[in-house]
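> Here it is, the structure in full.
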Amino acid sequence: MLILEMFRIAGQSIRANFFRAFLTMLGIIIGVAAVITMVALGSGAQRAINEQLDSLGGNILSIRTGQGFHRGVANTDNKLTTRDANAVASDVESVMAVVPELSTRKQIKLGNKNRNLSIVGTTPNFPEVNQFELTYGQMFTAGDDAAKKRVAVIGGGVPAVLEKDPALLIGQNLTIEGTSFEIIGIFAEKGSIGFSNRDEYIFVPLQTAQYRIAGTDKIDSISVQVSNSVSIEQAMIDVERILRREHKIIPGANNDFTLSDRKQFLNMQQEAAKIFSALLAGIAGISLIVGGIGIMNIMLVTVTERTREIGIRKALGATRMNILTQFLIEAMSLCIAGGTIGILLGGSASVLLANLAGWQTPISVEAVTIAFLFSAGVGLFFGIWPARKAAALDPIQALHYE
């Protein structure tokens, strides 16, 4: 019953000076809300990156044209060809599939709409390796590639760019630099990966892109799908060996291509997101500490204002522990009330961001629990000094305090 009475007195004290109590709690409210919102944003970023990692497919290597040197002069000429892709496919046992690509940007016209978009020449196995799904139509075939047919499969974001209904685009013709291409398929949207948004790409057969659009027999990149039974590191060694052989690179000379695990970039993004989330949560935690200092300050003022009350309570038999507990409960009540409001505010901000900005902001139960306990701990920690000061007052001097 004594503890309940102390909580009742603490509630009366807060209500008696509500505006001052609210200003005191403001630092805790902002801190808790910031912790929950920042952790929700960080969790959303982690989830988005994990989804991107899943969408990349398993064990994918990327081969791109690298910068070589000849007599100390940089040489950035494209060295990759379809012959390289064929050599990797036939000579590396651990390879399941190889997808060569040639990318360029061209003016696209469909009806009265004119846009500058990326054109990707590739092979029919592109969707399987890169985990793309067709929502309309079909993928071009190896026969279309061999015949250099003018057919195209467009990314899921292209209809919106061209302001067209995707269901009505199959069979229509779009013009790429004056050359007409028939739309035979539309991919489902996947979202951007890093700085690349393949939803706004137009895919055509590789040889069509080489000889009808770009005018070159080179390619820009090769995607290599590695068997799950082989480590990605071993596959990289095998692929590098074959490419060095094809490019006649002597031992000790630099590669004129770059070979990387496609997931490395997103793994780096994932680590950066973790660090950024921890940094934001740390900054929000600092605001909790600042709020705790404000509570300690106001509690010291409260002790001074209630010195005579403390003297009367001690004269009536209250012990040092009773006074200490009373002021600790008042400090913790301020923090718990502020923490509760902060949780509601942080949760509302997370939901608002999710609805307005389209971000994934899952509210973490762990973050809510930690923020609430931390706010209560702040009240306990910063309330100890004022409470001890109140408990240590001499009753006779306190009764004579004006």
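> What's the magnitude of the charge dipole for region 67-255 around its Cα centre, counting Lys and Arg as +1 and Asp and Glu as -1 at the beta-carbon? Answer in Debye, nearest 20.
I would put it at about 700 debye.
> Once fully extended, how much extra length lies between residue 250 and residue 148, figured as 0.36 nm per residue of separation less the alpha-carbon to alpha-carbon distance? Each step should come with its number before you reach the end.
On the way: separation 102, 0.36 × 102 = 36.72 nm, distance 3.58 nm.
Difference between extended and current length: 33.1 nm.
> Quick one: length gained pulling residue 188 to residue 134 fully straight, 0.36 nm per residue minus the C-alpha distance?
18.9 nm
> Find the Rg to Rh ratio for region 67-255, where Rh is the Kirkwood radius over alpha-carbon pairs and Rg uses the same atoms.
Numbers: Rg = 18.0 Å, Rh = 17.8 Å.
Rg/Rh: 1.01.
> In nanometres, what is the gap between the two model label sites at residue 12 and residue 218, each 7 Å from Cα along Cα-to-Cβ?
Rounded to a tenth, the inter-label distance reads 8.6 nm.
> Let me ask something else about it. Of 100, 204, 214, which is farthest on the positive side of the dipole of region 67-255, counting Cα position, with +1 on Lys and Arg Cβ, -1 on Asp and Glu Cβ, and the Cα centre as origin?
214
> What does the charge count near residue 82 come to, summing +1 for each Lys or Arg and -1 for each Asp or Glu among other residues with Cβ under 11 Å from its Cβ?
Around residue 82, the surrounding residues sum to -2.
> Go through region 313-325 residue by residue and turn each phi into a ³J(HN,Hα) via Karplus (6.51, -1.76, 1.60, θ = phi - 60°); whole Hz please, and just put x for glycine and proline.
Values, residue by residue: 5, 5, 5, 8, x, 5, 8, 4, 5, 4, 5, 4, 5 Hz.
> Can you work out the FRET efficiency for the pair residue 179 and residue 290, with r the C-beta to C-beta distance and R0 = 51 Å, to the nearest 0.05?
0.20
> Residues with amide H under 5 Å of residue 117's amide H, sequence separation 5 or more or different chain, H placed in the peptide plane at 1.01 Å from N; which?
106, 108
> Out of residues 5 or more away from residue 96 or on other chains, whose amide H comes under 5 Å of its own, with H placed 1.01 Å from N in the peptide plane?
Answer set, sorted by chain and number: 225, 226, 227.
> Relative contact order for region 67-255 using alpha-carbon pairs under 8 Å, separation at least 6, rounded to a whole percent? Could you put the intermediate results ahead of the total?
On the way: 358 pairs, mean separation 58.4, N = 189.
Value for region 67-255: 31 percent.
> In region 120-170, which trypsin sites (Lys or Arg not before Pro) are in a loop and have at most 12 other Cβ atoms within 10 Å, using DSSP for the loop call? All intermediate terms of the calculation are to be shown ahead of the outcome.
Values: sites: 148, 149, 150, 164; in loops: 148, 149, 150, 164.
The qualifying sites: there are none.
> Next question. With r defined as the distance between the Cβ atoms of residue 93 and residue 141 and R0 fixed at 35 Å, what FRET efficiency is calculated, to the nearest 0.05?
The calculated FRET efficiency here is 0.85.
> While we're looking at this one, here's another question. Under 5 Å between amide H atoms, partner at least 5 residues away or on a different chain: which partners does residue 203 have, H built in plane at 1.01 Å?
120, 153, 154, 155
> Taking only the alpha-carbon atoms of region 115-206, what semi-axes of the equivalent ellipsoid follow from 5 times the gyration tensor eigenvalues under a square root, in whole Å, largest first?
18, 16, 13
Quick note: the coordinates plus some simple rules give every number you see, no bench work behind them. Source: prediction; values computed, not measured. We place every Cβ from the backbone using ideal geometry, glycine too, and count neighbours over all the protein chains shown.
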